[in-house]
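The values are calculated or read from the model by the stated rules, or taken from the named source; none is laboratory data. A quick note: this is a predicted structure, and the numbers were derived from the prediction, not measured. Counting neighbours? That spans all protein chains shown, and the Cβs are built from the backbone with ideal geometry, glycine included.
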Amino acid sequence: MVTEIMKELLHKKLLSYTEKLRTSLSNCSTETIVGMCSSYFLKFPENRDEEDSLLAPTKQLFFMLGIMLTTPEPTCPKDFGDDGWNDSKDLLNRIFSTYAWMYWPTKDELPNLTNEWKQLRQVAMPAFLHYFSTSLMASVEQLRERIRRYVTPFDSELKKISGITATDALEITNWIADSLQSTIDKLQEEFQKENKLRLNLLDRAEREAWPIEKIREEAQKEPYISCFQQVMIGLQSMMTIQISSLVERFGKDTCSNYCSLFVSTRGKNTDFLYLTEKNPAEGAPLIRLDDNRVMCPSANMLFYAVFLWGETTLIHSEVRNTYLKHRDMELENEVFDELRNFFGKSAQLYGHIFETPKAEFEHDILLVLDRKLAIIEAKASPPVEPFRDPEKAFVRIHRAFKSDRGIQKASEQANRIRKRLLAHENVMIYSESGKPIINLEPKDFDFILPMCVTRDDFGPLTVDLSLLLQLSSGDEYPWAINILDLHNLFEAWRHLDCTPNKFFDYAGERTLLNGRLLCFDELEIAGFDIHHNGLKSLIDNKADRVHLNPSYSQIFDEIYRAIQIGEKVKPEVTQPHLTDVRELMKQIKDTNNHQEFSKQKKTGRNDPCPCGSGIKYKRCHGK
């Protein structure tokens, strides 16, 4: 009864925060709200260390845009200024935090918690939060490639259903993204010109001791006034696209079908309320301003919307089974391509192979490098949507994890060859036609790696396989990673001049960390490896659980940006600061006194958090 009352109080808080957000947005113009979100996305890496930074920026800002779309354009709109922006960020963090608190026990529940209660939430809570709080972490290039690989081969079916092909939708989205980037590039040039002219004007005013009226008068003259006006024009049109320009380039019918899919109009959808509901702003991320203008807050989200439209349409069409088979095969091809690009000719690669000449016991990829062997299984099924109820969520997540398309099956497949070799059995590998390809002999290998590559990000379920994976006798944890993270990892290792052996060096240590870490992102672990020259300090640490600073993954953003501009990143190797979660929780005696814990410490916002996490106070309990 107490639990039900507590959950109801949290639900009322959630509704209250959401209604306050809706009320605030309902008074402001669409253009200024979307413009503020666009500005945040443009300088997102720099925003990470802001004192009032968002918990999950992309998801939260598009949630805010979804709430905005449920309100009509106000008759006398206000600008969405700094006060509205700061209030909205606070409400967004409160809304998203409330979902997490629903999984935590009340004071009355604490003395009577069973192991089953803890196990269910240990899986359901991080899976729920990851599913609904994390957007696809992919670059525009990766999203374009995903659309081409998975969706465009079904153009004819999509044309029949939606009136537009994925190829046309991708071409229009490319044009929009390129146009927006061109506008931003020109605006940056105008900013530089304006800044130079303004400083020259102020220098002259100081030398000649101009009064303020004289400064204002000179600022209205050429060449400064024209440059300033160009900056203002650029700011107003920074993330805006004219539909007439699309029609002129791609034709009326094609653009009409495209806009019907990916343009949302304020006030048309009034039902969106919860994070767990379909968000109109995510499905149609082009926000209409008037009959001829739309705004695009994030090019990445527009590409992602095109991909989701294509895949969702195909899964619910007559070609569902054909598409799912294509999706599985395309992921195998994608993994094979990534491995070939990283290893080159230094390794032997075999794809779509079997343990018998009758095509029994299929495996996706074998990789042989010197005396090392990797058995790699690719799984293209995305994570299932968790229910809000922890018990129901656990059952659904567990069932999908154990299915033939799930990670448990991948582990069993990969470990099958490994166990045969460890039992001193030669394993002959065959093609689908029954032709012998390679004879694997136990004496030839010193290290055998089972591995699972997923197409989508499973977050904590793959970062810590001990949550759900059951190992049979003689099995070993595989290294599980999604294809986008694998690409980013390979790209970083190439940039840092790592040899192909880095793959097995990292994976060998990485598989020993299941059940030892508290983090949701594989790139946090890989970033730790880069900054501290390996994972040995984590393996040797005696703590039950070690908390990793989320900022470790930022090295991959730095490398990506450096590659784009032709620079070189040289990370400094340092000694790690490790936080024992058990010791941390001793300091936080009760999960319900979270705010009291943060308030009782007299700590600067940029100081290390007194809980010992190694994170700045503003990013930890100061939040």
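Overview of results
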read-out	value
Residue list for the range 436-458, restricted to those being outside any strand (DSSP E or B) and either in contact (Cβ under 8 Å) with a residue 24 or more places away in the chain or within 30 Å of residue 134 (Cα to Cα) (or both)	444, 445, 446, 455, 456, 457, 458
Whichever residue in the range 275-305 is within 22 Å of the chain's Cα centre (by Cα) and free of Cβ contacts under 8 Å to residues at least 40 places away in the same chain and, among such residues, is surrounded by the most Cβ atoms within 10 Å (Cβ to Cβ)	284
Which listed residue is farther than 25 Å from residue 551 by Cβ, at pLDDT 95 or above and not in a helix (DSSP H, G or I), from 71, 18, 23	71
Contacts under 6 angstrom Cβ, first residue in the range 567-579 being under 10 Å from residue 546 (Cβ atoms), partner at pLDDT below 90, 6 or more apart	578/541; 578/546; 579/547; 579/612; 579/613; 579/614
Restricting the range 504-540 to residues that are over 27 Å from residue 570 (Cβ atoms) and outside any helix (DSSP H, G or I), the residue that is modelled with the highest pLDDT	514
Any hit, the range 486-501, residues being in contact (Cβ under 8 Å) with a residue 60 or more places away in the chain, in the same structural domain as residue 458 (by TED's automatic domain parsing) and under 17 Å from residue 377 (Cβ atoms)	yes
Verdict on residue 118 being among the basic types (Lys, Arg), in a helix (DSSP H, G or I) and under 28 Å from residue 244 (Cα atoms)	no
Unique residue being at pLDDT below 95, assigned to a helix (DSSP H, G or I) and in contact with a Leu (Cβ under 8 Å, 6 or more places away or on another chain) when the list is 147, 184, 172	184
Failed condition for residue 162, given (1) of a type in the set (Ser, Thr, Tyr); (2) exposed (fewer than 13 other Cβ atoms within 10 Å of the Cβ); (3) outside the structural domain of residue 93 (by TED's automatic domain parsing)	(2)
Criterion: at pLDDT 95 or above and either surrounded by fewer than 18 Cβ atoms within 10 Å (Cβ to Cβ) or within 20 Å of the chain's Cα centre (by Cα) (or both) - qualifying residue of 156, 133, 97, 139	156
Cβ pairs under 8 Å, 6+ apart, first in the range 143-167 and basic (Lys, Arg), second assigned to a helix (DSSP H, G or I)	144/170; 144/174; 144/303; 146/307; 148/170; 149/330; 149/333; 149/334
Hits in the range 352-396 (condition: outside any loop (DSSP other than H, G, I, E, B) and more than 29 Å from the chain's Cα centre (by Cα))	352, 353, 354, 362, 368, 369, 372, 373
Any chance residue 421 is buried (at least 17 other Cβ atoms within 10 Å of the Cβ), outside any helix (DSSP H, G or I) and out of contact with any His (no Cβ under 9 Å at 6 or more places or on another chain)	no
Residue within the range 139-152 that is in the same structural domain as residue 304 (by TED's automatic domain parsing) and farther than 30 Å from residue 561 by Cβ present	no
Which listed residue is more than 24 Å from residue 499 (Cβ to Cβ) and either free of Cβ contacts under 8 Å to residues at least 40 places away in the same chain or assigned to a loop (DSSP other than H, G, I, E, B) (or both), from 554, 564	564
The range 459-472 residues that are of a type in the set (Ser, Thr, Tyr), paired with ones that are assigned to a helix (DSSP H, G or I) (beta carbon under 9 Å, 6 or more apart)	462/407; 462/522; 472/412; 472/415; 472/419
Cβ-Cβ under 7 Å pairs, at least 6 apart or on other chains, the range 102-119 side surrounded by 13 or more Cβ atoms within 10 Å (Cβ to Cβ), far side of a type in the set (D, E, K, R)	102/7; 103/121
Residues within the range 459-496 that are closer than 26 Å to residue 419 by Cα and assigned to a loop (DSSP other than H, G, I, E, B), tallied	12
Pairs with Cβ under 7 Å, 6+ apart, first in the range 251-272 and under 15 Å from residue 176 (Cα atoms), second of a type in the set (D, E, K, R) and part of a helix (DSSP H, G or I)	254/168
Subset tally (residues that are surrounded by 13 or more Cβ atoms within 10 Å (Cβ to Cβ) and either free of Cβ contacts under 8 Å to residues at least 40 places away in the same chain or of a type in the set (A, V, I, L, M, F, W, C) (or both)) for the range 190-203	7
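Listed here are the residues, each with its yes/no results for (1) in a helix (DSSP H, G or I); (2) acidic (Asp, Glu); (3) at pLDDT 95 or above.
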| position | (1), (2), (3) |
| --- | --- |
| 238 | no, no, no |
| 249 | yes, no, yes |
| 256 | yes, no, yes |
| 260 | yes, no, yes |
| 266 | no, no, yes |
| 270 | no, no, no |
| 277 | no, yes, no |
| 281 | yes, no, yes |
